[in-house]
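First the structure, in the form of structure tokens, and then the observations on it.
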Amino acid sequence: MPDEPQLTVQGWAPSGARVATLRAREDAADGSDDGVLELTADPDLRAALPKAARRHLARQLGWTPRPTPPVPVRDIRLGPSLLPAPARAAFAALLGKEHVADDRATRLAHAGGRSYLDLQRRRAGDASDAPDAVLTPGGTEEVAAVLRACSELGVVAVPYGGGTSGVGGLAGTDVDDRPVVAVDLRRMNAVHAVDVPSSLVTVGPGMRGPALEAALAEHGLTLGHTPESWEFATLGGYAATRSAGQSSTGIGRFEDLVAGLTLATPTGTLELGRPPASAAGPDLLGLALGSEGTLGVITELRLRVRPRPRTTRYEGWSFRSWAAGLAALQRLARHDLLPDVVRLADPDETRATLLQAPRTRALRARLRARGRGAGCLLVVGWEGLPTLVRARRTAAGSVLRDGGATRLGGRMGRAWVRFRFAGPQLRDRLLDAGLLAETLETAAPWSALPAVYDAVREALETSLTRPGRRPLVLSSISHGYATGAALSVTVLADRDDELPLQQWLSAQRAATDAVLAAGGTLSHHFGVGVDHRPWLAQEIGPLGVDLLRAVKQQLDPQRVCNPGVLLPD
Ligand SMILES: Cc1cc2nc3c(=O)[nH]c(=O)nc-3n(C[C@H](O)[C@H](O)[C@H](O)COP(=O)(O)OP(=O)(O)OC[C@H]3O[C@@H](n4cnc5c(N)ncnc54)[C@H](O)[C@@H]3O)c2cc1C
């Protein structure tokens, strides 16, 4: 298999993609023993967590730094493949035997996603969620044939894109314990058509963002969808999870960019969406978006693209308080002046960001001199035609200033651009040193946002505080809308080495209950997966769950399509 993910002791690293690494160093000139975690995309730098950084986090968290490396790959427990020989032969007949793999390395490389629970299980040597075999079909017809065969043979099919699910979306569990195949879409990764006058591109679901952007650049076009997992995730995965990217405030969520798609199901293939628009009954496209592989496999996408921006401007601003930052963003939203990129960090995340970002010592001193402490950092960005960028930036700037913000300038914006995909890579290093590290996300109307923010912080702090130990909860607004905003929450805590999974499961349960009670959504962009499915009925109501079950019954009567996720048992 070309472009096979290499299983590393930390998890995976797709070959061919730029693998962001990080370096941690001591900021000696700071005059303190505060560790400074410098994230960098330079692959030559060796990943490490130095003593000073450990001391800094140890003081914050009451954490005892200790090496807790993942078990070597050779020691990961993986039972024999349960795929019966006749089923294996049937898949080989459909796809060719080179596209059916059940060797240990391939199965391990497709075990689970990238949630803390997924990583922690694998690091402890548990790969019980690995599929029994991995199929790599080459097109819609082959996928449809595989799904029909799965229904006949009683084999569960889990679509596999980039493997970056943050909510256990690739769990492959089945109440009936049937064999499981991962349907890896990597071979379906081509651009099929570019319709320049209509600003539409037709692509395979296994394509990744960087490859699509390179192909579109030849036509002066861009998709512009850049989540933090951009280097690894696939276009089919974005559609299946209703992803949001860093510029989603401006260009919309991924679902806003999908003009149509092809969904292969066990009972037939659907062509959904009718560009430019249609009033022919309810829009069935919405059923496929966010379906997380439970209805079938997305085998082709028709995406809305736009001219590549002629200008981009990213810059930093500082607010005295979180409340002032929220009020200013709300005002921008009301006047339709939100920039394309909007990231407002709360005081804890601001402090962590300033410690991580290079060359911010002068900035920190400037903020201290103005009596702001760290304050709350806002990174904003505009992308598009120079005249429009200028006009929108000027108008937004005056709203921000009226809201009490101070402009920090382009350096902070450029630093954000440089490290925009590097931050999450830090997690493996933190796990290596005995920490729990995970990100949660939600969204709420502007009126409910302060309550959701307070509730999720309190729930995490209560659940993860133990005598002498407390978690560090870092929050930020990551996407803005006219009606509200998305909140991302990263939590760091000393790991309970005896019961690490239970420790996070109870914190996650408390945080999710708190978010829903305060008026937030179950998920703004990670989706439901295994992790959130017990709460789906609270979000969409029991009748809503029954409706989705009825749709699944119609398209997938044998329940072979990713039955372990989204819908509660
Ligand atoms: C470090 C990190 C940062 C992240 N940042 C963001 C972010 O900024 N924004 C964001 O939205 N998400 C983010 N995520 C979550 C994740 O990247 C998204 O959910 C992404 O959309 C998943 O794409 P994937 O190709 O990796 O899908 P996978 O993880 O392979 O699959 C996800 C789910 O979709 C299903 N699926 C995949 N492909 C198909 C298909 N073709 N047809 C039907 N079902 C399919 C799978 O069965 C699974 O249930 C992040 C994850 C990580 C690890």
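Against the test of being at negative phi, surrounded by fewer than 21 Cβ atoms within 10 Å (Cβ to Cβ), modelled with pLDDT of 95 or more and in contact with a strand residue (DSSP E or B) (Cβ under 9 Å, 6 or more places away or on another chain), the options R274, R302 yield a single qualifying residue, R274. Would you call V545 in contact with a helix residue (DSSP H, G or I) (Cβ under 7 Å, 6 or more places away or on another chain) and surrounded by 24 or more Cβ atoms within 10 Å (Cβ to Cβ)? No; evaluated as a whole, the condition is false for this residue.
Can T350 be described as in a helix (DSSP H, G or I), more than 16 Å from the ligand (Cβ to nearest atom) and touching a residue at least 24 places away in the same chain (Cβ under 8 Å)? Criteria met by T350. The single condition among (1) more than 8 Å from the ligand (Cβ to nearest atom); (2) closer than 27 Å to A171 by Cα that A240 does not meet is (1).
In this entry, E458 is excluded by the filter for residues that are within 16 Å of the ligand (Cβ to nearest atom) and either of a type in the set (K, R) or farther than 30 Å from T312 by Cα (or both). Within the option set Y481, Y453, being surrounded by fewer than 19 Cβ atoms within 10 Å (Cβ to Cβ), modelled with pLDDT of 95 or more, aromatic (F, W, Y) and under 25 Å from G316 (Cα atoms) holds for one residue only, Y481.
Listed here are the residues, each with its yes/no results for (1) on the phi < 0 side of the Ramachandran plot; (2) under 17 Å from the mean Cα position of the chain (by Cα); (3) at pLDDT 95 or above.
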site: L212; (1), (2), (3): yes, no, yes
site: G220; (1), (2), (3): no, no, yes
site: G236; (1), (2), (3): yes, yes, yes
site: R242; (1), (2), (3): no, yes, yes
site: E255; (1), (2), (3): yes, yes, yes
site: G293; (1), (2), (3): no, yes, yes
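Of the helices (runs of 4 or more DSSP H) lying entirely inside region 103-158, those containing at least 1 residues that are under 30 Å from A433 (Cα atoms) span 104-109, 116-123.
Residues checked against (1) more than 14 Å from the ligand (Cβ to nearest atom); (2) farther than 24 Å from A486 by Cβ; (3) touching a strand residue (DSSP E or B) at 6+ places or on another chain (Cβ under 9 Å); (4) part of a helix (DSSP H, G or I):
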| residue | (1), (2), (3), (4) |
| --- | --- |
| D256 | no, no, yes, yes |
| G286 | yes, no, yes, yes |
| W317 | yes, no, yes, no |
| A328 | yes, no, yes, yes |
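Looking across region 414-441 at every residue that is part of a strand (DSSP E or B) and within 13 Å of the ligand (Cβ to nearest atom), the one that is farthest from G529 (Cα to Cα) is identified as A437. Within region 200-211, if we keep just the residues that are out of contact with any strand residue (DSSP E or B) (no Cβ under 6 Å at 6 or more places or on another chain) and either polar (S, T, N, Q) or in contact (Cβ under 8 Å) with a residue 24 or more places away in the chain (or both), the residue that is nearest to T226 (Cα to Cα) turns out to be G209. Criterion applied to S229, S165 was being near the ligand (Cβ under 9 Å from one of its atoms), touching a helix residue (DSSP H, G or I) at 6+ places or on another chain (Cβ under 9 Å) and at pLDDT 95 or above, and the one residue passing it is S165. Look at L200 and say whether it is modelled with pLDDT of 95 or more, under 15 Å from L235 (Cβ atoms) and within 10 Å of the ligand (Cβ to nearest atom). So L200 fails the test.
The values are calculated or read from the model by the stated rules, or taken from the named source; none is laboratory data. None of these values were measured; they are calculated from a predicted model. Cβ atoms come from the backbone with ideal geometry, glycine included; neighbour counts cover every protein chain shown.
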